[in-house]
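Trainee: Okay, here's the structure, questions in a sec.
The values are calculated or read from the model by the stated rules, or taken from the named source; none is laboratory data. Since this is a predicted model, take the numbers as computed values, not measurements. So basically every Cβ, Gly included, is an ideal-geometry build from the backbone, and we count neighbours across all protein chains shown.
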Amino acid sequence: MSYTDPYSLTPAGGQDGTPDRSSSTGVVRALLWVVLVVSVLGNTVASFAGAGMGVHLAAGGVTALCATVLVVLRLRSGR
(Lines give C-alpha, C1' and ligand atoms only; values in the text may rest on other atoms or scores of the structure.)
Protein backbone atom coordinates (compact mmCIF):
# COMPACT_ATOMS: atom_id res chain seq x y z
CA MET A 1 0.00 0.00 0.00
CA SER A 2 1.50 3.29 -1.04
CA TYR A 3 1.20 6.27 1.25
CA THR A 4 1.08 9.82 -0.07
CA ASP A 5 1.80 12.65 2.28
CA PRO A 6 -0.96 15.30 1.95
CA TYR A 7 1.40 17.95 3.31
CA SER A 8 4.27 17.39 0.90
CA LEU A 9 5.12 19.98 -1.69
CA THR A 10 4.55 18.78 -5.21
CA PRO A 11 5.82 20.23 -8.47
CA ALA A 12 3.47 22.34 -10.59
CA GLY A 13 0.67 20.00 -11.43
CA GLY A 14 -1.55 17.49 -9.79
CA GLN A 15 -0.72 14.07 -8.40
CA ASP A 16 -1.56 12.42 -11.70
CA GLY A 17 0.66 14.68 -13.80
CA THR A 18 -2.09 17.02 -14.98
CA PRO A 19 -1.26 20.73 -14.95
CA ASP A 20 -2.46 22.85 -12.06
CA ARG A 21 -5.40 24.92 -13.32
CA SER A 22 -5.50 27.38 -10.43
CA SER A 23 -2.46 29.33 -11.68
CA SER A 24 -3.77 29.59 -15.24
CA THR A 25 -7.18 30.69 -13.94
CA GLY A 26 -5.45 33.40 -11.91
CA VAL A 27 -3.70 34.72 -15.01
CA VAL A 28 -6.94 34.68 -17.01
CA ARG A 29 -8.77 36.45 -14.20
CA ALA A 30 -6.08 39.16 -13.99
CA LEU A 31 -6.14 39.71 -17.76
CA LEU A 32 -9.93 39.92 -17.73
CA TRP A 33 -9.80 42.60 -15.03
CA VAL A 34 -7.28 44.59 -17.08
CA VAL A 35 -9.43 44.34 -20.23
CA LEU A 36 -12.53 45.29 -18.21
CA VAL A 37 -10.90 48.43 -16.81
CA VAL A 38 -9.50 49.42 -20.22
CA SER A 39 -12.89 48.98 -21.89
CA VAL A 40 -14.66 51.02 -19.20
CA LEU A 41 -12.07 53.78 -19.53
CA GLY A 42 -12.35 53.63 -23.31
CA ASN A 43 -16.10 54.00 -23.10
CA THR A 44 -15.71 56.97 -20.74
CA VAL A 45 -13.20 58.66 -23.04
CA ALA A 46 -15.46 57.98 -26.02
CA SER A 47 -18.33 59.66 -24.18
CA PHE A 48 -16.32 62.80 -23.50
CA ALA A 49 -14.90 62.84 -27.03
CA GLY A 50 -18.30 62.50 -28.67
CA ALA A 51 -17.41 59.29 -30.50
CA GLY A 52 -19.91 57.38 -32.59
CA MET A 53 -22.35 54.75 -31.47
CA GLY A 54 -20.14 51.91 -32.75
CA VAL A 55 -17.35 52.77 -30.30
CA HIS A 56 -19.81 52.75 -27.39
CA LEU A 57 -21.33 49.45 -28.49
CA ALA A 58 -17.93 47.80 -28.89
CA ALA A 59 -16.68 48.99 -25.51
CA GLY A 60 -19.95 48.06 -23.83
CA GLY A 61 -19.90 44.60 -25.40
CA VAL A 62 -16.35 43.96 -24.24
CA THR A 63 -17.26 45.21 -20.75
CA ALA A 64 -20.32 42.96 -20.56
CA LEU A 65 -18.37 39.96 -21.85
CA CYS A 66 -15.54 40.43 -19.35
CA ALA A 67 -17.95 40.91 -16.46
CA THR A 68 -19.88 37.79 -17.43
CA VAL A 69 -16.76 35.64 -17.71
CA LEU A 70 -15.47 36.94 -14.36
CA VAL A 71 -18.77 36.04 -12.68
CA VAL A 72 -18.75 32.56 -14.24
CA LEU A 73 -15.16 31.96 -13.11
CA ARG A 74 -16.04 33.09 -9.61
CA LEU A 75 -19.08 30.81 -9.43
CA ARG A 76 -17.14 27.83 -10.78
CA SER A 77 -14.31 28.31 -8.30
CA GLY A 78 -16.67 27.64 -5.40
CA ARG A 79 -15.16 30.31 -3.17
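Trainee: Give the residue that is nearest to Thr25 (Cα to Cα), with candidates limited to residues of the range 54-79 that are modelled with pLDDT of 95 or more and hydroxyl-bearing (Ser, Thr, Tyr).
Mentor: Among them, the one singled out is Thr68.
Trainee: Do you know which residues across the range 30-53 are outside any helix (DSSP H, G or I) and at pLDDT 95 or above?
Mentor: Narrowing the range 30-53 to residues outside any helix (DSSP H, G or I): 50-52.
Answer for the range 30-53, where residues must be outside any helix (DSSP H, G or I) and at pLDDT 95 or above: there is none.
Trainee: Could you tell me whether Gly17 is exposed (fewer than 10 other Cβ atoms within 10 Å of the Cβ) and modelled with pLDDT of 90 or more?
Mentor: On the way: exposed (fewer than 10 other Cβ atoms within 10 Å of the Cβ): yes; modelled with pLDDT of 90 or more: no.
No; evaluated as a whole, the condition is false for this residue.
Trainee: Of all residues in the range 45-70, which are without any contact (Cβ under 8 Å) to a residue 24 or more places away in the chain and closer than 13 Å to Leu32 by Cα? Write out each step before concluding.
Mentor: Residues of the range 45-70 without any contact (Cβ under 8 Å) to a residue 24 or more places away in the chain: 45-61, 64-65, 68.
Scanning the range 45-70 gives Ala64, Leu65, Thr68.
Trainee: Among the residues of the range 34-44, write down those that are surrounded by 12 or more Cβ atoms within 10 Å (Cβ to Cβ) and either touching a residue at least 24 places away in the same chain (Cβ under 8 Å) or more than 18 Å from the chain's Cα centre (by Cα) (or both). Give the derivation first.
Mentor: The initial filter retains those residues of the range 34-44 that are surrounded by 12 or more Cβ atoms within 10 Å (Cβ to Cβ), namely 35-40, 42-43.
Once the filter is applied, which keeps residues that are surrounded by 12 or more Cβ atoms within 10 Å (Cβ to Cβ) and either touching a residue at least 24 places away in the same chain (Cβ under 8 Å) or more than 18 Å from the chain's Cα centre (by Cα) (or both), the range 34-44 yields Val35, Leu36, Ser39, Gly42, Asn43.
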